[in-house]
Every structure is written in C-alpha cells, then in structure tokens.
Amino acid sequence: MSHESQPDRRALVVEDDEDVRSLIEFTLSTQGFEVRAVDTGLAAIETVRTFDPDLVTLDVGLPGIDGIETCRRIREFADAYVIMITARDDEIDRLLGLETGADDYLSKPFSVRELKARVNALFRRPRRGFSASQQAAPVPDHEMLEHGDLRVDVDGRRAFNGAVELSLTRTEFDLLTELMRTPARVWTREALLRSVWGTDWASDTHLVEVHVGNLRRKLDEGHPGTRYIKTVRGVGYRMESVDS
C-alpha cells in the first residue's frame with residue numbers, strides 16, 4: 001500500500017479577502033506547504049496553537065483584533081516566520097516601528113513571484129526557538145563576536161551590552177551579527193538586504209533603515225550614551241570605532 005509523502009512545512013494564511021487568501025494558499029501549496037487559512041485574528045491565534053505552523057502570512061487590516069495585535073499575541077508563544085501584509089504604504093512605518101515581531105512585510109498588490117522570493121529568503125534564516133530545554137542545551141564551538149562592550153553569541157542567538165542581555169527580534173539579531181562580523185566594512189543598504197533579508201528588492205532599503213533605527217534604540221537602552229552603529233552618509237552603515 002503506497003502512501004503519499006506529506007509536506008514537511010506548514011503555513012497559516014490569515015486574510016479576510018477571499019481572493020487574496022486563495023492566491024496565497026495556492027502559492028504556498030505549490031511550494032510544498034501544508035496550508036490552512038482563517039479570516040480573523042482570534043482564529044489565527046488558536047490555529048497557531050494547534051497547528052504549529054512554520055510560516056504565518058498575516059494581514060494587517062483584519063476585522064476584530066488587527067494583524068499587529070495578532071502578531072504580538074502569537075509572538076508570546078510561537079516562533080513561526082511571520083510575513084505581515086498591508087494594503088497601504090503608509091502603514092509600513094507603523095508596522096515596523098511597533099516591534100510586532102514580524103520578520104518581513106508585503107504591500108498589496110504583490111506578485112506570486114515576490115511572495116515566493118520572500119518566503120524562500122525567510123527559510124534561509126534560522127528560527128529562534130521557544131523551547132527552554134533547547135536554549136539551555138550546550139552547543140559546541142560557539143561563534144562569539146565582541147565589539148567594545150557588545151558581545152554576541154551567534155550560535156546561542158544571545159546578545160549582551162555589558163551585563164545587560166538585549167531583547168532583539170530575529171531580524172535585529174541577524175543585522176547586528178552581520179555588522180559585527182566585519183566591523184570596519186561599510187555595508188550598503190542593498191548589501192544588507194541581500195545578506196540579512198535574502199532579497200534584492202531595491203525598494204526595500206527603507207526596511208533596513210527602520211530596523212537599524214530599532215536596533216540602535218535597543219543598544220542605547222542596554223548601555224546609554226554609547227552609539228555603536230555609524231551612518232556613513234550616502235553609503236550605508238558600519239560599526240562605530242571603539243577605544244581599545
């Protein structure tokens with residue numbers, strides 16, 4: 001008796017527009033996902049608990065609790081990749097600035113090609129698990145980075161500013177790691193997009209600027225008065241020189 005192979009990745013589509021929902025469902029199913037779909041935030045939270053998806057696409061403008069609040073609640077217990085979907089460009093700053101815990105965003109209308117590219121890019125990045133036993137397990141040969149009082153345990157995915165452990169999103173951690181690995185390098189926004197987000201979409205350079213701003217704020221909270229990331233006008237960013 002033969003058995004069909006089962007998809008090894010699961011995706012949840014949260015969208016109240018039936019046409020958009022069907023498009024995303026079909027696209028993800030062709031990429032090998034087992035896909036479920038719901039149309040409200042409350043249903044999304046419950047489905048994430050029971051279905052345990054690897055990926056969630058989450059519309060911002062949901063009825064009832066919106067996508068931003070839904071993402072916040074999901075982030076309390078799940079480490080799925082989250083792509084926020086917004087119908088208005090002017091929502092993007094608010095979306096990224098509110099620290100929702102989302103990994104990426106798409107603006108409507110978007111193409112199937114763009115959705116596939118964003119999903120593929122996310123799955124090239126490590127997920128930060130929520131299992132206490134996994135986080136406590138020793139990992140040999142940790143890659144450790146240091147820059148002034150900053151310390152990053154790359155494999156353990158923990159970052160410290162002095163004695164303070166920083167609460168970074170997955171994207172902020174990856175961004176800080178790239179900058180610290182080559183502290184003298186001036187990274188263009190486009191190069192950071194390719195390295196951290198895995199995309200060449202030039203229109204997304206604003207994504208880099210917003211996340212750098214969020215990261216700077218958190219670094220300052222950990223050690224007020226120390227500015228670690230320098231803007232190189234007209235080019236991009238590098239780590240600020242520190243006294244030896």
Interchain or long-range residues, amide H under 5 Å from Glu240's placed H:
Ile229, Lys230
Among 172-183, 145-156, how do they line up from the highest to the lowest mean number of other beta-carbon atoms within 10 Å?
172-183, 145-156
So, with points 7 Å from each Cα along the Cβ direction, the Arg217-Phe77 label distance in nm works out to 2.8
In whole Hz and in residue order, list the ³J(HN,Hα) couplings for segment 177-187 that follow from phi through the Karplus curve 6.51 cos²θ - 1.76 cosθ + 1.60, θ = phi - 60°; x for Gly and Pro.
4, 4, 5, 6, 5, 9, x, 8, 6, 8, 8
Residues with amide H under 5 Å from that of Asp104, placed H, sequence gap 5 or more
Val82, Met84
Going residue by residue through segment 168-174, the Karplus relation 6.51 cos²θ - 1.76 cosθ + 1.60 with θ = phi - 60° gives ³J(HN,Hα) values, rounded to whole Hz and with x marking Gly or Pro, of 9, 6, 4, 5, 4, 5, 5
Which distance in nm do the two modelled labels at Lys108 and Asp155 give, with both placed 7 Å along the Cα-to-Cβ direction?
4.5
The set of residues whose placed amide H lies less than 5 Å from the amide H of Asp54, leaving out same-chain residues fewer than 5 positions away, is Arg10, Ala11
Describe numerically, in nm with one decimal, the distance between label points set 7 Å from Cα along Cα→Cβ at Arg9 and at Ser195.
2.4
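Every number in this text was worked out from the coordinates using simple rules, so none of it is lab data. The shown structure was predicted, so the numbers you read here are calculated from the model rather than taken from an experiment. Virtual Cβ from ideal backbone geometry, glycine too; neighbours counted across all protein chains shown.
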